[in-house]
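Every read-out reported here was derived from the displayed coordinates using simple, explicitly stated rules and does not represent laboratory data. On a predicted model such as this, the values are computed, not experimentally measured, just so you know. With ideal geometry, Cβ positions are generated from the backbone for all residues, glycine too; neighbour counts draw on all protein chains shown.
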Amino acid sequence: MTPLLSVSDIHVAYKAVPALSGVSIELFEGEILVILGANGAGKTTIIKSIVGLTDIQRGGISLRMNGSSHDLRKLKTHEIHRLGVTWVPEGRQLWGTMTVMDNLRMGGFAADPAETVQRIEEMMDWFPRLRERQHQLAGSLSGGEQQMVALARALIARPKLVLMDELSLGLAPLVVAEVFQLVKKVNALGVSVLLVEQNARQALRIATRAYLLEVGCVVESGLAAELATKRSVQDIFLGGHS
Amino acid sequence: MNLFLQQLLNGVIIGSTYAVIAIGFALVFTVLRVINFAHPDIFMVGMFGGLLCATYVTSNFLVVAIASALSAGFVGLALERAVLRPLRGRDTLMTLIATLGVGIMLENGVAALISPDVVAFPAVISRQPIDLGAVSISRPQMVNLLVSLGSLAIVSYYVRLTAYGRATRAVAERPDVAAAFGVNVDRVSQVAVVLASMLAGCAALSVGLLYGNAWAFIGLAYGIKGFICILVAGNRYFEGVILVALALGILEALITGYLSSTYRDAIAFLLLIAVLYVRPNGLFGSYTA
């Protein structure tokens, strides 16, 4: 089976400091793939490399879409989005001086305007709170509400692959559980998900497969259910017990 | 009272021109994070574009205005392609010096090709005053005001109500995220530079018509005032920039009317120093470089 996304032996450094040293991952269509790792392990760098926001020194990233393979290193960030890849960045990174509605409209910037209007309505049905807050500045929302906008914004353009970076960061435990349920709901619609997380317990519960990253290298990989029982993963991420 | 109202009107007219120039600076800065020091000289190119059209082609106001806008817009386009885009991501000081260099080239180029002296502007519109009761306004003043307000309305419409305008604001705040949502940052930047240049060209034409002359080195005087406006207002909200530009114009006109034009520029700089001392990011906040 050909993977939807294939990251092959990529090396990325910020100035002289290596961030990724020969990372390879594969993501198959329809799955939730989780990348676990501590702060500074290189998780966000993988996502930024996929969307073309890092300077990859070596290795390649390819995306199989509509029957053909695309070398993402040759494409600009906006062109990668147009292939059907969207991003829920770490810390939400909404446009805080713009309204919730304008943030959602930007989610469909590259899509058909009429379809964007329809998708915004659908997202407001998913997240009724956003309908109430649509004219409010995105920067004035609570963390949980901002995460809803970030998720909705990423789904407006009907992506094939969503890259989600630290969804649970800074959210209350109840909101975290809700957010992970939403990821499952998104995946159930046929959207492939690459999830980068520190909250290993929740992430492994919903993931199909997982990779464990340490200091810019993949040290473990496999089915999420199997990885959750591995001692190395338990010791580092699950407090020593599953 | 009549003097006050007259100076108020004069202030709004000059302030609205400052606003168009300041918005040009702000528009380019928000998307590219560089101060385009060639902007005042693009303004000057627009003035000479209109002058050449009025002298050699036609004195039809609309055609002359289009010539001003297109000549300035073309220089803006060339600047974006040849200087701003290749230098993106480099040290901002490099871009700053490069735009300053382009500005000097434009000034000296026009001075060498046309004239280094003040050149009379053909009478494209009548100079007859319109009596509004307590105050009077000349036709060139009326045109200046309408051109400036029209330009500001175009920028507001573009930035607030169009998809590209939204993308411009998105690039201003988070360029990486904007790109990841399909925004071609190069294209948005190019549109911003060309739009800012075209509007500066129109503003320059109206200034040329107002004073009846054009000068290759006129950009500096207007450029400094426009630059002061964005420093005082901050570049985050265009409405704030417009407000400060109008306030500066009114302040200058009142000083000229009640004291002397000698103090006019000094007070503008005093205002700048005072505001930056209290609010270093400007009155309404700034995106930083």
Computed for the protein assembly as shown: size of charge dipole around the Cα centre, +1 on C-beta of each Lys and Arg, -1 on C-beta of each Asp and Glu, debye to nearest 20, value 200 debye
Taking the convex hull of Cα positions in chain B, its mean projected area over all directions (nm²): 15.2 nm²
I need the P(r) histogram for the protein assembly as shown: all alpha carbon pairs, bin width 10 Å from 0 out to the longest distance, whole percents. 4, 17, 23, 20, 15, 11, 7, 3, 0
Using 30 Å as the Cα-Cα cut-off, could you pick out the over-long pairs in A:K43/A:K160; A:K74/A:K185; A:K48/A:K230; A:K48/A:K184; A:K48/A:K185? A:K74/A:K185
With θ set to phi - 60° and the Karplus curve 6.51 cos²θ - 1.76 cosθ + 1.60, what are the ³J(HN,Hα) couplings of the range B:166-177 in order, to the nearest whole Hz, using x for Gly and Pro? 4, 5, 4, 5, 5, 5, 4, 8, 9, x, 5, 5
Phi-derived 3J(HN,Hα) across the range B:59-69 with the Karplus relation (6.51, -1.76, 1.60, θ = phi - 60°), rounded Hz, x for Gly and Pro, is 9, 4, 4, 4, 5, 5, 5, 5, 4, 4, 5
Positive-end residue of A:F127, A:S142, A:P113, charge dipole of the range A:93-158 with Cβ unit charges: A:S142
Just to check I understand the Karplus step: with θ = phi - 60° and J = 6.51 cos²θ - 1.76 cosθ + 1.60, what whole-Hz values come out for the range B:243-258, glycine and proline as x? 4, 5, 4, 5, 4, 5, x, 5, 4, 4, 5, 5, 5, 4, x, 9
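Could you work out the relative contact order of the range A:93-158, using alpha carbon pairs under 8 angstrom and six or more residues apart, expressed as a whole percent?
54 percent
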Which whole-number percentage describes the relative contact order of the range A:194-238, with Cα contacts under 8 Å and a sequence gap of 6 or more? 36 percent
Once you order the gyration tensor axes a ≥ b ≥ c over the Cα atoms, which shape class does the range B:145-289 get: rounded for a/c under 1.5, otherwise prolate or oblate by comparing a/b with b/c? oblate
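Among DSSP bridges having both ends in the protein assembly as shown, what percentage is antiparallel? Round to the nearest 5. Write out the running numbers ahead of the final one.
On the way: 30 of 49 bridges.
Here the share of antiparallel DSSP bridges comes out near 60 percent.
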So if R0 is 30 Å, what FRET efficiency would B:R85 and A:N66 give, r being the distance between their Cβ atoms, rounded to the nearest 0.05? 0.45
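Could you tally the net charge around B:G15, taking each other residue with its Cβ under 11 Å from the Cβ of B:G15, Lys/Arg +1 and Asp/Glu -1?
On the way: positive: B:K225; negative: B:E252.
Here the charged neighbours net out to 0.
Roughly what % antiparallel, to the nearest 5, for the DSSP beta bridges in the range A:142-242? Walk me through the intermediate numbers first.
On the way: 6 of 11 bridges.
The answer is about 55 percent antiparallel.
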Chain A: spread of alpha-carbon positions along the three principal axes, whole Å, largest first, is 46, 42, 37
Fluctuation leader among A:V162, A:V17, A:V215 - chain A, Gaussian network, Cα springs under 10 angstrom: A:V17
Taking each residue of A:76-82 in turn, how many C-beta atoms of other protein chains fall within 10 Å of its C-beta, and what is the average? 6
Cα-only radius of gyration and Dmax that characterise the range A:93-158, units Å: 10.4, 30
Using a Gaussian network model on chain B with a 10 Å cutoff between Cα atoms, which of B:G50, B:G201, B:G240 fluctuates the most? B:G240
Please arrange B:C202, B:C229 by counting, for each residue, the other beta carbons lying within 10 Å of its beta carbon, fewest first. B:C202, B:C229
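With n ≥ 4 as the cut-off for DSSP H runs, can you work out [θ] at 222 nm for chain B, using -39500 (n - 2.57) per run divided by the number of residues, rounded to the nearest 500?
Details: 11 runs with 208 residues, N = 289.
Calculated at 222 nm, the ellipticity per residue is -24500 deg cm²/dmol.
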Within 10 Å of each Cβ in B:165-178, the average number of Cβ atoms from other chains: 5
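When N is the residue count of the range A:34-163, what does its C-alpha Rg come to as a fraction of 2.2 N^0.38 Å? Provide the component values of the computation, followed by the final result.
Details: Rg = 15.7 Å, N = 130, 2.2 N^0.38 = 14.0 Å.
Compared with the compact-globule rule of thumb, the range A:34-163 sits at 1.12.
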Determine the relative contact order of chain B: mean sequence separation of Cα pairs under 8 Å and six or more apart, normalised by residue count, in whole percent. 37 percent
Comparing B:D41, B:D186, B:D117 in a Gaussian network model of chain B (Cα, 10 Å), the one with the largest mean-square fluctuation is B:D117
Average beta-carbon neighbours from other chains, 10 Å sphere, peptide A:99-107: 3
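Just rank B:Y211, A:Y14, B:Y237, fewest to most, by other beta-carbon atoms within 10 angstrom. Please report the intermediate quantities before stating the final value.
Values: B:Y211 13, A:Y14 10, B:Y237 17.
Ranked by crowding around the Cβ, least crowded first: A:Y14, B:Y211, B:Y237.
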Take B:I154, project a point 7 Å from its Cα along the Cβ direction, then tell me which residues of the range B:1-25 have their backbone nitrogen under 14 Å from it. B:20-21, B:23-24
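Please identify every one of the GluC sites (Glu not before Pro) in the range A:1-71 that sits in a loop by DSSP and has no more than 16 other beta carbons within 10 Å of its own beta carbon.
Working: sites: A:E26, A:E29, A:E31; in loops: A:E29, A:E31.
Those that pass, being in a loop and sparsely packed, are A:E29.
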Report the net charge of residues surrounding B:T30, where surrounding means a beta-carbon distance below 10 angstrom and charges are Lys +1, Arg +1, Asp -1, Glu -1. +2
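Quick check on chain A: of the DSSP beta bridges with both residues there, what percent are antiparallel, nearest 5%? Walk me through the numbers on the way to the answer.
Values: 25 of 44 bridges.
Here the antiparallel bridges make up roughly 55 percent for chain A.
What shape does the range B:1-95 take by its C-alpha gyration tensor, where a ≥ b ≥ c are the square roots of the eigenvalues and a/c under 1.5 counts as rounded, a/b above b/c as prolate, and the rest as oblate? Display every interim value, and only then the final one.
On the way: a/c = 3.63, a/b = 1.33, b/c = 2.73.
Oblate is the answer for the range B:1-95, as a/c is 1.5 or above yet b/c matches or exceeds a/b.
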